[in-house]
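S.K.: I'd like to ask you about the structure that follows.
The values are calculated or read from the model by the stated rules, or taken from the named source; none is laboratory data. Since we're looking at a predicted model, the values are computed, not measured. Glycine also receives a Cβ, built like all others from the backbone with ideal geometry; neighbour counts cover every protein chain displayed. Just the protein is used for accessible areas: all its heavy atoms, side chains included, with ligands, DNA and RNA removed. Shrake-Rupley method; radii C 1.70, N 1.55, O 1.52, S 1.80 Å.
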Amino acid sequence: MAQSLVKNYIHLVFSTKHRFPYIDESIENELFNYLGGVCKKLECQPIIVGGYLDHVHILCLLSKKIALVANSTWNIYNFRQNVIAKLIKEDHQVIVYAPIDEYITYTDNYPSLKHIGLRTLDRDSTNPIKDLLLIFQLVRKYKKEKPDLIIHYTHKPNIYGSLAAKWCGIKSVSVITGLGYGFIRKGWLNTLMT
């Protein structure tokens, strides 16, 4: 399936009031460092900040914050590290949402990665109240981090995460891999389909 990842560079140019030559050697380094810090605070990586006596140029990379959501850290550890590595290599900020388990050590490989634990995601639960709490938890966490794109893996994130993303106005993709639990174990669905 085709995909496209975008890098947006922004070139900002602004001048001093009435183009007066305020920016001299005594303040330019401090000013340029400050402006670079503002870019970082806004999650835009500054490429170069410079200028002249009466104007400033800023070239920065517009942030693309991408979130991955799965029902376990084990899933991320075993199946999603290649995706994480590729996204980080492409200068994307990566956030992972998953319940924390013993596989959380994968984060040691990616210092820039942010892993956010999900306490209410129980992949085996059939309790509708727990599922409703999961939706509310995801809405809160999505609103706080404001990812540009969310990629949902596994059944509960696909369903409830997509609803939460929709309510937050965030684009999301649901990924279904493999046959699924209903086809792997012996049960009525497996018997019906074979």
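S.K.: Quick one: angle between helix 25-41 and the longest Cα principal axis of the chain, in degrees between 0 and 90, rounded to 10, please.
M.R.: The helix 25-41 is inclined about 20 degrees to the chain.
S.K.: If you don't mind, another one. Could you tell me which of rounded, prolate or oblate describes the range 21-71, using a ≥ b ≥ c as the square roots of the eigenvalues of the alpha-carbon gyration tensor, with rounded for a/c under 1.5 and, failing that, prolate when a/b is larger than b/c and oblate otherwise?
M.R.: Here the range 21-71 falls in the prolate category.
S.K.: Order the peptides 153-163, 130-140, 13-23, 99-109 from the highest to the lowest mean number of other Cβ atoms within 10 Å of their residues.
M.R.: 153-163, 130-140, 99-109, 13-23
S.K.: Same structure, new question: From the Cα trace of the range 26-126, what convex hull volume per residue do you get, rounded to a whole Å³? Display every interim value, and only then the final one.
M.R.: Details: hull volume 11.8 nm³, N = 101.
Measuring per residue, one finds 117 Å³ for the Cα hull of the range 26-126.
S.K.: Rounded to the nearest whole Å², what accessible area per residue is found for the chain with the 1.4 Å probe? Show your work: numbers first, answer last.
M.R.: Values: 12730 Å² over 194 residues.
Averaged over the residues of the chain, the accessible area is 66 Å².
S.K.: Please compute the Cα-Cα pair-distance distribution of the range 70-181 with 5 Å bins starting at 0, giving whole percents from short to long.
M.R.: Whole-percent P(r) values from 0 Å outward: 2, 12, 23, 25, 22, 12, 3, 1.
S.K.: Something else about it: Taking the Cα atoms only, what angle lies between the long axis of helix 128-145 and the longest principal axis of the chain, rounded to 10 degrees?
M.R.: Roughly 10 degrees between the two axes.
S.K.: Return an integer: the convex hull volume of the alpha-carbon atoms of the chain, in Å³ per residue.
M.R.: Cα convex hull per residue, to the nearest whole number: 153 Å³.
S.K.: Would you calculate a helix-derived [θ] at 222 nm for the chain, using -39,500 (n - 2.57) for each DSSP H run of n ≥ 4 and dividing by the full residue count, to the nearest 500?
M.R.: Values: 6 runs with 61 residues, N = 194.
Value at 222 nm, helices only, nearest 500: -9500 deg cm²/dmol.
S.K.: Using the structure shown, list the pairs from LYS65/LYS166; LYS143/LYS186; LYS40/LYS171 with a Cα-Cα distance above 28 Å, or answer none. Please list the in-between numbers first.
M.R.: Values: LYS65/LYS166 17 Å; LYS143/LYS186 40 Å; LYS40/LYS171 23 Å.
Pairs exceeding 28 Å: LYS143/LYS186.
S.K.: Quick one: if the Förster radius is 45 Å, what FRET efficiency do LEU133 and ASP54 give, using the C-beta to C-beta distance and rounding to 0.05?
M.R.: Efficiency, from the Cβ-Cβ distance: 0.20.
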